[in-house]
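For reference, the structure is listed below as structure tokens.
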Amino acid sequence: MTVAVRRVDLDRSKDQGILHHLDPDHFFLLANTAGCYSASEAIRYARLARAAGFNEWVKLEVIGDKDTLLPDSAGLLQATLPLVAEGFKVLAYPNDDILTTLKLEAAGAAPWSSARRGQSCGNGPDQTATSSSRTRLLRTKSNQQ
């Protein structure tokens, strides 16, 4: 189960919090840095998740564009390096650029950035959403010119 670290109360002792009801012995909880707009912010939330009792796996997201929510490739790479050095197993969430994916893999992220492998090949379930995001971005940029 993926858990957006920024959006949940990490205090497991509170009965009203979702994590109180999810036993890590029965559920694999994958910390997710969704909603982070910089590498430093994503690193901070990954570390916070680990301190709150999550495992070493993290789905790493760094948003590059607030309108389309497309990833920040440089930010992902910048965040991957220290997290891997600290023992995190990073599942980076890149765009569909194979060069970015290979750079992330070389930096220690899971091979093919497993979080989006199908989409990088152009046949994943999120392909339509990504295509429409790109279309919106292109329309916005052409309207601004």
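Here are a few things to note about the model shown:
- Look at where the Cα atoms of segment 74-96 and of segment 43-63 average out, and the two centres are 11 Å apart.
- Amide H to amide H distances under 5 Å link VAL3 with LEU30, ALA31, ASN32, where only residues 5 or more positions off or on other chains count and H is placed in the peptide plane.
The numbers here are math on the coordinates, done by the rules we state, and not lab data. Keep in mind that this is a model prediction, so the values were computed, not measured.
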